[in-house]
Amino acid sequence: MNTISTIVRINLASFICVAPALFSVPALAQKLIPVPAPTGVQTTPTQPLTAPPTAPLPAPLTRDEQRFRELASYIKSRGSIDAQTRADIVKLAVDIDKDLTAATTDRDQMLRLLPARAQISIWLDDSAAMDSAFERLLAVTTAPDAVVLAWARELNASGRFEKSAEVLQARVFATDAKNIDAKIALADALIATNRFEAAQAALNSAPALGRTSEQMMAIGTATRRATFGRSLFNRELGALIKDQQKGDLPVVEITTTRGPILVELFEDQAPNTVGNFIEHIEAGTYTGTTFHRFMRGFGVQGGDPTTATGGIGGNSNGGWVIPDESTAADHRAPLVGRLVMAKQHATDSPIKPASNSAGCQFTILTGPAESLDGFYTVFGRVIDAMDRVNQLRAGDQILSVSVISKRNHEYKGVHLGAGSAGEYALPRPGIALTPAQSGDVGQ
């Protein structure tokens, strides 16, 4: 779906709080401004903050700071960024850049404008500008720990895990509270890049004294993720060795507006899903379609044939549904770069998928997704141009999909009928239970 229903983590108030000499943290917590990412983006919801009533944010120091606040409020109320709003954002970015280089701009103004500039770069999906804003903010702030932590969390949210680890490991945090948060963020980045022992070491090195209940819960969750992720990764390594030994898995090329992406299909573990995928490819189902759903730090979803004729996407299965192949003993792991079939939600649960409801829509994972294991069929992996996958956004087009090589037999999936009406999607990142936690789905 294209409607933005959730928020990104970066906002004006959370940035301004890195200047505690200017503002009180309780006042800022009360005045956090939820700001969505570009149109089509869906992100993990955050819990609303609650705090006692406090004084409002101080008056803006510049006209451009005031414009930013008005724009943020407008975007929050609309829940999306249309073409005119995007044009306004671009113009404001130019004006703030001029302010930041003006000789008359003092340090207090910089501490207001640089957070705004970072948020604007997030709206515009400009990672270089975001990094630049954070780097410049570090040079003038009196609270560098908070700045580095905010930067790293945004890098994690946008799937730039290597950069996040680099930023966090380069900083020696002065306070235990920020150090604990930094270790948690570092563990998240390391888990996403399959460095599980290093992730656990980061968690183990977090100061033990002064941990809040939220931090203790986050450390426990990250520990479980590292343990489960390691088991998935080790299982996947064995499967990859067997793939190499055979050397005959089907390969397809997905040509997008960002460039071609080469994918290897896991026929041995998901033969019906691969047969279904190639059947759709050869029928032209994916030609001219768009990626209709982008989940920051998680994945990009496409394959809905209705998007080729202007539909918003999300509800079509291409004509039929197929059996799941997600619970066999040798099922593939949902690691970064894997292709996963989208399914409908179960009628009796908001977090579990309906059995045997996959059709033609799929997601390419750009972040860790161990919570999907055992629930969603993983049927392929990107073997070339993962950098292009990371650039994909809602609205980018699949120009064509072609089969480069395949085994010498007919490829066709088992059809279970037309299925039912409803949205095809993956759960919000981190929401679904893993089979190991729930006990509802066997391995």
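The values are calculated or read from the model by the stated rules, or taken from the named source; none is laboratory data. What you see is a predicted model, and the numbers here were worked out from it, not measured in a lab. Please note: Cβ atoms are built from the backbone with ideal geometry, for glycine as well, and neighbour counts cover all protein chains shown. With ligands, DNA and RNA removed, areas are computed over all heavy atoms of the protein, side chains included. Shrake-Rupley method; radii C 1.70, N 1.55, O 1.52, S 1.80 Å.
How large, in percent, is the carbon and sulfur part of the accessible surface of region 101-200 at a probe radius of 1.4 Å? Of the solvent-accessible surface of region 101-200, carbon and sulfur hold 49 percent.
These residues, 406, 163, 242, go from largest to smallest accessible area, 1.4 Å probe, as 242, 406, 163. Remark: relative contact order (region 271-421) = 35 percent; criterion is Cα-Cα distance under 8 angstrom and separation of 6 or more residues. Computed in the context of the full set of protein chains, the accessible area of region 379-418 at 1.4 Å probe radius has 44% of its extent on carbon or sulfur.
Computed with every protein chain present, the accessible area of residue 90 is close to 70 Å² [probe 1.4 Å].
Here the 3J(HN,Hα) profile of region 69-85, calculated from phi with Karplus coefficients 6.51, -1.76 and 1.60 at θ = phi - 60°, is 4, 5, 5, 4, 5, 5, 5, 4, 5, 7, x, 7, 10, 8, 4, 5, 5 Hz, Gly and Pro shown as x.
Taking every alpha-carbon pair under 8 Å whose residues sit at least 6 apart, region 200-298 reaches a relative contact order of 12 percent. Shown for region 240-315: the carbon plus sulfur share of the solvent-accessible area, taken with all protein chains present and a 1.4 angstrom probe, equals 51%. Please give the FRET efficiency for residue 82 paired with residue 234, using the beta carbon to beta carbon distance and R0 = 45 Å, rounded to the nearest 0.05. Once the sixth-power term is evaluated, E becomes 0.45. If you sort the three axes of the alpha carbon gyration tensor as a ≥ b ≥ c, you get a/c of 1.5 or more for region 116-180 and a/b no higher than b/c, which makes it oblate. Judged by the gyration tensor of its Cα atoms, with axes a ≥ b ≥ c, region 170-226 is oblate; a/c meets the 1.5 cut and b/c is at least as large as a/b.
Rolling a 1.4 Å probe over the heavy atoms of the protein chains gives region 220-351 an accessible area of 36 Å² per residue.
Remark: the residue 421-residue 400 segment gains 4.9 nm on full extension, using 0.36 nm per residue and subtracting the alpha carbon distance.
Each of residue 410 and residue 209 was given a label point 7 Å from its Cα along the Cα-to-Cβ line. The distance between the two points is 7.3 nm. Annotation: extensible slack from residue 257 through residue 287 equals 9.6 nm (criterion: 0.36 nm per residue apart, minus Cα-Cα distance). Remark: the Cα gyration tensor places region 211-255 in the oblate category, a/c being 1.5 or greater and a/b not exceeding b/c.
Ignoring lysines fewer than eight residues from residue 242 along the same chain, the ones with Cα atoms less than 23 angstrom from its Cα are 406. Considering only alpha-carbon pairs that sit under 8 angstrom and 6 or more positions apart, the relative contact order computed for region 119-232 is 19 percent. The listed residues 99, 126, once ranked by accessible area (1.4 Å probe) with the largest placed first, stand as 126, 99. One decimal place: the segment residue 57-residue 175 gains 39.9 nm when fully extended, by the rule 0.36 nm per residue minus the C-alpha distance. Between region 61-131 and region 170-187, what's the alpha-carbon centroid distance in Å? Result: 28 Å between the Cα centres. Taking the inverse of the mean reciprocal distance over all distinct Cα pairs, the Kirkwood hydrodynamic radius of region 66-223 comes to 17.0 Å.
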